[in-house]
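**Q** Handing you a structure now.
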Amino acid sequence: MDNMQIITPHYIMFHDRVVTNLSVAFEKTIVKIAPFEELIEIYPDAKVTTLREHSLLMPGLINAHVHIEFSGNKTSLSYGNFLNWLYSVIENRANLINDCGVECMSEAIDAMLENGITTFGAISSHAMDLEACVKAKQNVVFFNELIGSQAAMADALFGDFVARLDASKQVQREGFYPAVAIHSPYSVHPVLIKKAIDIVKNENLKLTAHFMESQAEREWLDKSEGEFKEFFQDLFKQDRNISNAKEFLEHFNEVPTLFTHAVELNEDEIQTLKNHNHTVIHCPISNRLLGNKTLNIQALNNENIPWIVATDGLSSNYGLDLFEEMKISLFMHADAPLISFAKALLDGVTINAAKALGLNTGEIAEGKNADMIVIDLEDEPNEQLPLHLLLHRYNISKVYINGKLEKGN
Ligand code: BEZ
Ligand code: FE2
């Protein structure tokens, strides 16, 4: 127990309450939570850190959906309409990716660290972000993305996908998890989806997909109509969808999956998400900027469907800050009860995000990985703390990941 540490914050945020007069003993994981005198007796050689007045120890934040490869965007992409954005991504993709090398991607990753994000899910289209993600201080779920609607291209695209997945499986570092992303129902051929999900099942990998992000997607999957009609005609000489939403979701029946956006769900789809233990990833800023709807969280809550919160990439956001993301969601969901919704948002970047990703983190509790952040509150927390955390963007003075101090001193 050479690396044991004991930290004494003024307050600790447990899942159900805030406590004071307790300390946390940890190495890679949280070993014991008890009064300081008790811990120092058990671990007399521990490194001791005593924090200032009004410091709050809380779980590190988890950003389950971010596109690191697109971190170069600030003003290049067209916002306001999903299809116009997609055309602008296709037009600018090569430039955006070539102009954002490892250093530029690492900057985005470090910005997340500054913002208290200790785990992220990287949606990797081309593995250009592999090196930056391996070097990251954070835990990384590296979602190798599969895309391609054209049957003629299927073998080549699948070969490329498997090569990227294999490369990510070679990575040997603590907190790095190779995983799979299916781009979307409109962009991945069913034959490819089936082959990828067979790998996911055999190797017990985490799985994610974009789903029901835009009205254009809704119309294309339902009727092969709408704004995607011209897109597919022009780009691929394709005049109908490759599958409908129901056929798409059936592929995922045996694998609890993280579905991103889900702002255009119908009743059947809500039941399917519920029946197969899927989770929705809520990216409110991205939805607003791309001209899409706001997630109907009430409809998910009515069916106890888990939902979590993520930033999406800098291709559809102006920052990678989950505190900002939660605050925007709080204001977009103006009908939601203020304090309990703020608390649900916090759960969506901590305990519920960890559950959805299958990671042993997201909570200050014995046995959990020591992914923890220190927030400098300015006075004593009260029952409205969840709201205050979203409103005031307090200073984050320390970030621990797997017990290692990665920000602060
Ligand atoms: C495709 O590769 O088939 C595709 C990519 C993006 C949007 C739609 C389709
Ligand atoms: Fe995305």
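The values are calculated or read from the model by the stated rules, or taken from the named source; none is laboratory data. In this text the structure is predicted, and so the values were computed from the model without any measurement. No Cβ is skipped: glycine too gets one built from the backbone with ideal geometry, and neighbour counts run over all protein chains shown. Ligands, DNA and RNA are excluded from the accessible area calculation, which covers all protein heavy atoms including side chains. Shrake-Rupley method; radii C 1.70, N 1.55, O 1.52, S 1.80 Å.
**Q** Considering region 19-28 alone, what residues qualify as being crowded, with 16+ Cβ neighbours inside 10 Å and not aromatic (Phe, Trp, Tyr)?
**A** Result: LEU22, SER23, VAL24, ALA25, GLU27.
**Q** Consider only pairs whose beta carbons are under 7 Å apart and that are at least six residues apart or on different chains; among these, list those whose first residue lies in region 216-233 and is under 18 Å from ASN292 (Cα atoms) and within 16 Å of ligand 2 (Cβ to nearest atom) and whose second residue is in a helix (DSSP H, G or I) and open to solvent by 90 Å² or more (accessible area, probe 1.4 Å).
**A** Pairs that qualify, where the first residue is under 18 Å from ASN292 (Cα atoms) and within 16 Å of ligand 2 (Cβ to nearest atom) and the partner is in a helix (DSSP H, G or I) and open to solvent by 90 Å² or more (accessible area, probe 1.4 Å), are ALA216/GLU227.
**Q** May I pose another question? List, please: which pairs have Cβ atoms under 7 Å, are six or more places apart or on different chains, and start with a residue in region 82-105 that is assigned by TED's automatic domain parsing to the domain that holds ASP234 and end with one that is part of a helix (DSSP H, G or I) and surrounded by fewer than 17 Cβ atoms within 10 Å (Cβ to Cβ)?
**A** Short answer, once both residue conditions are applied: VAL102/GLU131.
**Q** Scan LEU205, LEU221 and give me the residue that is touching a Pro at 6+ places or on another chain (Cβ under 7 Å) and more than 16 Å from ligand 1 (Cβ to nearest atom).
**A** Checking each option against the conditions leaves just LEU205.
**Q** Still on this model: Filter region 309-321 for residues that are within 15 Å of ligand 2 (Cβ to nearest atom) and over 15 Å from LEU290 (Cα atoms) and give the result.
**A** VAL309, ALA310, LEU320, listed by residue number.
**Q** Working carefully through the options ASN292, ASN304, ASN287, find the one that is of a type outside the set (Ser, Thr, Tyr), modelled with pLDDT of 95 or more and open to solvent by 70 Å² or more (accessible area, probe 1.4 Å).
**A** Going through ASN292, ASN304, ASN287 in turn, just one is of a type outside the set (Ser, Thr, Tyr), modelled with pLDDT of 95 or more and open to solvent by 70 Å² or more (accessible area, probe 1.4 Å): ASN304.
**Q** Does ASN244 fit the bill of being touching a Leu at 6+ places or on another chain (Cβ under 8 Å), open to solvent by 40 Å² or more (accessible area, probe 1.4 Å) and not aliphatic (A, V, I, L, M)?
**A** For ASN244, the condition - touching a Leu at 6+ places or on another chain (Cβ under 8 Å), open to solvent by 40 Å² or more (accessible area, probe 1.4 Å) and not aliphatic (A, V, I, L, M) - is met.
**Q** Answer with yes or no whether ASN253 is open to solvent by 70 Å² or more (accessible area, probe 1.4 Å) and away from ligand 1 (no atom under 16 Å from the Cβ).
**A** no
**Q** Same structure again: What is the residue count in region 168-187 for residues that are open to solvent by 20 Å² or more (accessible area, probe 1.4 Å), within 16 Å of ALA136 (Cβ to Cβ) and either in a helix (DSSP H, G or I) or in contact with a Ser or Thr (Cβ under 7 Å, 6 or more places away or on another chain) (or both)?
**A** Matching residues across region 168-187 total 1.
**Q** Is at least one residue of region 291-309 within 16 Å of ligand 1 (Cβ to nearest atom), over 23 Å from ALA111 (Cα atoms) and touching a residue at least 24 places away in the same chain (Cβ under 8 Å)?
**A** Within region 291-309 (the criterion being within 16 Å of ligand 1 (Cβ to nearest atom), over 23 Å from ALA111 (Cα atoms) and touching a residue at least 24 places away in the same chain (Cβ under 8 Å)), the answer is yes, since at least one residue qualifies.
**Q** A further question follows. Give the residue that is surrounded by the most Cβ atoms within 10 Å (Cβ to Cβ), with candidates limited to residues of region 256-275 that are among the polar types (S, T, N, Q) and out of contact with any Cys (no Cβ under 9 Å at 6 or more places or on another chain).
**A** THR257
**Q** Could you go through region 32-42 and let me know if any residue there is surrounded by 15 or more Cβ atoms within 10 Å (Cβ to Cβ), assigned by TED's automatic domain parsing to the domain that holds LEU377 and under 23 Å from LYS355 (Cα atoms).
**A** Yes, because at least one residue in region 32-42 is surrounded by 15 or more Cβ atoms within 10 Å (Cβ to Cβ), assigned by TED's automatic domain parsing to the domain that holds LEU377 and under 23 Å from LYS355 (Cα atoms).
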